[in-house]
Amino acid sequence: MTTEISGSTGITFPDSSEQSTAARGINVQTFTSNGTWTKPAGYAAGSRVFIQVWGGGGSGGKNSTATTGSSGGGGGGGYNEGWKTLSSLGSTETVTIGNGGAAVSVNGNGNVGGTSSFGSHISAYGGGGGGGSGTSTTISDNGAGGGQLSAGASGIAFSPGTPRVAVSDSYWQGSGGYSQGNGVDSDAYIHGGGGARRNANARADNSVWGGGGGGCPFTNTAGGTSVFGGNGGAGGTTGTAGTQPSGGGGGSTTGNSGAGADGQVIITVFPA
């Protein structure tokens, strides 16, 4: 409803009921730790809500064994997004931030990153933990896949260019969720980047929205990068932690591995 001023032509003003909505701008709430989202006042029921969710990154593995002396990087956490109408959301919604996988101090696989979620509406899974408990010929020395539609598993090796479909992981996780091998471009878009495996030509996968994979302490130690997520940590004698959101941790030899980074949730409300 609008009100026209007497004697004027083509000049209208919103009445009080419209002003409360018309005066609103974009409302953005960012969560880097667990919390509660509260529906902002003054927005129409049909207002559009954009929800972005990043899962936790996996930590790197550790392997100080003389015959292997290396370990895999942790997988980057996955990214997921979706649109909702404001009326479809509760007055409050629980926000859960997936923890990054904890660093490891003894020889063994890294830890899987946790799942992040916005209520029951949208979730993003964590990356797998890097391998570190076997020999160079076993899968446990290899990097881990990044998470997206299902949780990453630790220390799983995949040939470059092969989608990750094993260990109950979904096809959609596979785009970035496998170990890098010989420079083949297997970088991810929304999936977390795979951690680097123990290979002379290995590198950690990059990602656009998910977290970058962690590096391996062999030759190419750097972690993968991400445009909108966090970067993976470098591999080395002591692994470097990934950066928030979702970066995978670097693998290590004698020191602690790098921890995976926590996830993140951003909720943006647009006026109708």
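Numbers below:
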quantity	calculated
Any hit, the range 123-142, residues being assigned to a loop (DSSP other than H, G, I, E, B), surrounded by fewer than 24 Cβ atoms within 10 Å (Cβ to Cβ), among the hydroxyl-bearing types (Ser, Thr, Tyr) and at pLDDT 90 or above	no
Residue check, residue 59 modelled with pLDDT of 90 or more and either surrounded by fewer than 24 Cβ atoms within 10 Å (Cβ to Cβ) or among the aromatic types (Phe, Trp, Tyr) (or both)	no
Residue check, residue 111 modelled with pLDDT of 95 or more, under 15 Å from the mean Cα position of the chain (by Cα), part of a loop (DSSP other than H, G, I, E, B) and not β-branched (Val, Ile, Thr)	no
Some residue of the range 174-189 being in a loop (DSSP other than H, G, I, E, B), modelled with pLDDT of 50 or more and surrounded by fewer than 24 Cβ atoms within 10 Å (Cβ to Cβ)	yes
Top-ranked residue of the range 240-271 - restricted to ones that are among the hydrophobic types (A, V, I, L, M, F, W, C) and part of a strand (DSSP E or B), ranked as surrounded by the fewest Cβ atoms within 10 Å (Cβ to Cβ)	270
So residue 200, is it more than 14 Å from residue 58 (Cα to Cα), at pLDDT below 85 and assigned to a loop (DSSP other than H, G, I, E, B)	yes
Any hit, the range 149-161, residues being at pLDDT 70 or above, of a type in the set (S, T, N, Q) and buried (at least 24 other Cβ atoms within 10 Å of the Cβ)	no
Counted residues, the range 225-255 - those being under 20 Å from residue 265 (Cα atoms) and β-branched (Val, Ile, Thr)	3
Looking only at the range 203-237, and only at residues there that are within 12 Å of the chain's Cα centre (by Cα) and either aromatic (Phe, Trp, Tyr) or not in a loop (DSSP other than H, G, I, E, B) (or both), the one that is surrounded by the fewest Cβ atoms within 10 Å (Cβ to Cβ)	228
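The values are calculated or read from the model by the stated rules, or taken from the named source; none is laboratory data. Just so it is clear, the structure is predicted and the values come from calculations on it, not from any experiment. With ideal geometry, Cβ positions are generated from the backbone for all residues, glycine too; neighbour counts draw on all protein chains shown.
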